[in-house]
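First the structure, in the form of structure tokens, and then the observations on it.
The values are calculated or read from the model by the stated rules, or taken from the named source; none is laboratory data. Every value quoted in this text rests on a predicted model; they were computed, and no experiment measured them. So basically every Cβ, Gly included, is an ideal-geometry build from the backbone, and we count neighbours across all protein chains shown.
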Amino acid sequence: MAPQQHKVAIIGSGPAGHTAAVYLARANMEPILFEGMMANGFAPGGQLTTTTDVENFPGFPEGVLGGELMDKMRAQSEKCGTKIETETITKLDLSSRPFKIWREGSESNEEPTDIAQAVVFATGASARRMDLPGEDKYWQNGISACAVCDGAVPIFRNKPLVVVGGGDSAAEEAIYLTKYGSHVHVLVRRDVLRASKVMANRLLKHPKVTVHFNTVATEAKGDGNLLTAVATRDTKTGEAGEIPASGLFYAIGHVPATELVKGQVDLDEEGYVKTVPGSSQTSVLGFYAAGDVQDKRYRQAITSAGSGCMAALDAERYLTELEEEGTAAQ
Ligand code: FAD
């Protein structure tokens, strides 16, 4: 079967993908959006489908459930004219334009299933987990990978909290959590913090923070509903310990979903798509990246949505230029 032709394809269905879709559809670019079938471990809608209340997305003074917010974004994409396909993209060829796209199950075929003049890549990222005993049970019931998202939740207020990690993100998250928790314990595997000197000093001097060096978490313990303690082990002596805690925050990094484009687009040392600062342009003309897949710093729904808008406007300008040259696919 001949590949389906599109002006622009969006890969990913989080806030970045849907915002790009709304803008591109309203600009008559007839976008197709591949929302994935549990791609990268997430249901269509992305990371927010794994959480309950979202209280920091503007426009919802009472807060909104993550799943509900994503349903609304999807409905808006469709209403504006986006074609949404519940398919995962498993192969991309960016070596020539139009770009070639293969849906899951077709990757061994020479012929792609779809071709597009421009692609908005919004496949997101996922937080690294530790696979501790008790982790699945207390995930989102005490365990989180986002202090900024979850720190203000009532279960953490004036309660002892634990942060795992020794880098800048861990230091930032721990200091942020001192606003809410009674005390913040930071578990650092080695005998030194990886964080920058400034952040490390700020952390070590903070009256509400205790840094436990040479210490790893070994189990998330709870009462069946909520987390109540974190079991630990001293990496030098092997001694076991336990820290009573209502919150356990992982700050051990994220993994961007960039497997599809490795070797085709410039990625940074951690695998995030590199974009020209202040735009969504990647090292490949016509290929734009938005959301967490290109952002290791902010990682918020609203920043993802904002960068989705940027990608749409960048793609639209590119497609308009192509059309003016008379080469765009009809
Ligand atoms: P994602 O949300 O990561 O979505 C990407 C989507 O693309 C996924 O559905 C994935 O399946 C799909 N996909 C991936 N690869 C493919 C492929 N090959 N083909 C097709 N589809 C594909 N932020 C806030 O601002 N406020 C909060 O309160 C908040 N709470 C959070 C709670 C949790 C538990 C988590 C995990 C995150 C939270 N965040 C919050 C962060 C926020 O969810 C992310 O910053 C945001 O969702 C990133 O959006 P995105 O569009 O880049 O991608």
Identify all residues within region 37-58 that are in a loop (DSSP other than H, G, I, E, B), at pLDDT below 90 and more than 6 Å from the ligand (Cβ to nearest atom); write none if there are none. T52
For region 24-36, the count of residues that are among the charged types (D, E, K, R) and near the ligand (Cβ under 7 Å from one of its atoms) equals 1
Please enumerate the residues belonging to region 311-330 that are modelled with pLDDT under 95 and aliphatic (A, V, I, L, M). L322, A328, A329
From the list I155, I143, I101, exactly one residue is out of contact with any Lys or Arg (no Cβ under 7 Å at 6 or more places or on another chain) and away from the ligand (no atom under 13 Å from the Cβ). Which is it? I155
Is it fair to say V148 is within 13 Å of the ligand (Cβ to nearest atom) and surrounded by fewer than 17 Cβ atoms within 10 Å (Cβ to Cβ)? yes
Among the residues of region 288-308 satisfying the criterion of being hydrophobic (A, V, I, L, M, F, W, C) and either over 9 Å from A16 (Cβ atoms) or buried (at least 24 other Cβ atoms within 10 Å of the Cβ) (or both), which is farthest from the ligand (Cβ to nearest atom)? A289
Flagged pairs (Cβ under 9 angstrom, 6 or more apart or on separate chains; first in region 194-205, over 12 Å from E172 (Cα atoms); second charged (D, E, K, R)) are R194/D168
Identify the residue in region 231-254 that is at pLDDT 95 or above, in contact with a Lys or Arg (Cβ under 7 Å, 6 or more places away or on another chain) and in a strand (DSSP E or B) and, among all such residues, is farthest from G151 (Cα to Cα). A240
Report, by residue number, each residue of region 226-253 that is within 21 Å of D136 (Cα to Cα) and of a type in the set (A, V, I, L, M). L226, L227, A229, V230, A231, I243, A245, L248, A251, I252
Complete set of residues in region 258-284 that are of a type outside the set (S, T, Y), in a loop (DSSP other than H, G, I, E, B) and in contact with a Phe, Trp or Tyr (Cβ under 7 Å, 6 or more places away or on another chain): V265
Scan region 87-113 and report the pairs whose first residue is within 13 Å of Q4 (Cβ to Cβ) and of a type in the set (G, A, S) and whose second residue is at pLDDT 95 or above and assigned to a loop (DSSP other than H, G, I, E, B), with Cβ atoms within less than 8 Å and a gap of 6+ or a chain change. S106/P112; S106/T113
Being outside any strand (DSSP E or B), farther than 30 Å from F99 by Cβ and among the β-branched types (V, I, T) is the filter here, so list the residues in region 119-154 that pass it. V148, V153
Reported set for region 1-36 where residues are assigned to a helix (DSSP H, G or I) and aromatic (F, W, Y) is Y23
